[in-house]
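Undergrad: Got a structure for you, questions after.
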Amino acid sequence: MKYTTTFKLILFGFICAFLATSCVKEGPMGPAGADGADGADGQDGVDGQVTCLQCHGSDLIETKQAEFAMSEHRAGAVAVAYAGGRASCAKCHSHEGFVQYAEFGSVLGDITSPSAWKCSTCHGIHKTFESGDFALRLADPVTSEFDNTLTMDLKGNSNLCANCHQSRTGEPAVSNPGDETFRISSTHWGPHHGPQANVVAGVGFAEIEGSVSYPDAGSSYHLTYEGEDNSCVGCHMGDFSKVADVSGGGHSWIPNLAACVDCHGTDMEDYNYGGRQSTTEAQLEELRDKLITLGVVEWSEADQSYEPVVGTYPILYARAYYNWIGLEEDRSMGVHNPKYVSALLTNTIAAVDEAITAMQ
């Protein structure tokens, strides 16, 4: 048999490789070296599944949604339809507007299809995914709408509420300092419909001089009480319960009467602790009637409500109207800040009385 030169070369290479590998023999393993230094211990991560399931895998979220169904925030029909799409109003009148404000610091433009508030209006994306991480979009102290030098701190999560529940317009002596007259230009003029944060913080209303001194800003008991049940969250979002036929708390935001009972240490059938609401209601009616006498307020058959009469008035009249409509629309009847509200109404009524007497 004859072999080609190429075949011979391949065969020779194969034999050499076989001989080389067969001659190599591994020796015995040497002793093990010393162990290296231990690394730093890592931090255990949060069990994401278990944390999420605390809310999303239990009855808790259904409970919150059931409470939310009772809230006026959930309905939103009038507020959203009337103002939810306007760039100047959408911050507080639609879900889309509030999210834009929280993310960008302002509403970027008119909202094409505004919707009512929902869970994700206040709760954004979780940050730490721990049990206390409710991902509230806003929780820092709030700068006043009408005075950017004024900051209101309602404590922690309650600051979220203050972004919308505050005066939008300053009282006449602030907006028109030094003027002797003031023009009420619209039947809707005033601090706007939800100045609760200003009442709780004790700032922003017309502090007309009188016999009653005004408490320091931020000194309200409902703001300074060093417990869980203080400010907006403590009173409006305590554990949902029913006391004396009043259901409230949780995400209904109806004031929790049980929280009032626990804090004040006395049985209560309603929110009229110590007759405060009755006294405030009587003062508000008295002030309203005096403003009617002065021609500043009248009854509107069309709107079925008392409204200001458009016109130019002595600045005292406008300041008095501002206090009346603002405290009416606070809706707590003095509960949010009893001493501040009492001082405002007592001094305002006395000043208006003097004006009426001077007219006679």
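Laboratory data are not the source of any read-out in this text; all were calculated from the coordinates shown. Computed from a predicted structure; not experimentally measured. Please note: Cβ atoms are built from the backbone with ideal geometry, for glycine as well, and neighbour counts cover all protein chains shown.
Undergrad: Among [x] 31, 59, 10; [y] 24, 52, 25, 0; [z] 23, 46, 13, 6, 7, 5, 1, 0, which is the computed P(r) over Cα pairs in 20 Å bins from 0, in percent?
TA: Only one option fits the structure, namely [z].
Undergrad: Looking at the chain, identify the longest residue range that excludes and avoids all GluC sites (Glu not before Pro) in DSSP loops having at most 11 other Cβ atoms within 10 Å. Present the calculation step by step, with values, prior to reporting the outcome.
TA: On the way: sites that count: 26, 130, 180, 209, 226, 228, 269, 301.
After excluding every exposed loop site, the longest remaining stretch is 27-129.
Undergrad: Of the candidates 32, 244, 282, which one comes out as most mobile in a Gaussian network treatment of the chain with C-alpha springs shorter than 10 Å?
TA: 32
Undergrad: If you don't mind, there's one more thing I want to ask. Within the chain, what's the longest stretch lacking trypsin sites (Lys or Arg not before Pro) that sit in DSSP loops with no more than 15 other Cβ atoms inside 10 Å?
TA: Answer - 128-330.
Undergrad: Quote the FRET efficiency, to the nearest 0.05, computed for residue 127 versus residue 181 with a Förster distance R0 of 56 Å and r equal to the Cβ-Cβ distance.
TA: The computed FRET efficiency comes out at 0.65.
Undergrad: Which ordering of 200, 352, 212 is given by a fewest-first count of other beta-carbon atoms within 10 Å?
TA: If I rank by nearby Cβ atoms, fewest first, I get 212, 352, 200.
Undergrad: Tell me which residues come under 5 Å, amide H to amide H, from residue 182 once H is placed; ignore anything under 5 positions away on its chain.
TA: Here 313, 315 satisfy the definition.
Undergrad: Compute a Gaussian network model of the chain, connecting alpha carbons closer than 10 Å, and tell me which residue from 81, 201, 90 fluctuates the most.
TA: The residue that fluctuates most here is 81.
Undergrad: If you don't mind, another one. Would you mind counting up the charge near residue 356? Only other residues with Cβ under 11 Å from its Cβ, with Lys and Arg at +1 and Asp and Glu at -1.
TA: The answer is -2.
Undergrad: Starting from the stretch 197-302, pick out the chymotrypsin sites (Phe, Trp or Tyr not before Pro) whose DSSP state is loop and whose Cβ has at most 15 other Cβ atoms within 10 Å.
TA: For chymotrypsin sites (Phe, Trp or Tyr not before Pro) across the stretch 197-302 that sit outside H, G, I, E and B with at most 15 neighbouring Cβ atoms in 10 Å, the list reads 225.
Undergrad: Report the Cα centroid-to-centroid distance between the stretch 104-121 and the stretch 241-267 in angstrom, as an integer.
TA: Cα centroid to Cα centroid, the span is 31 Å.
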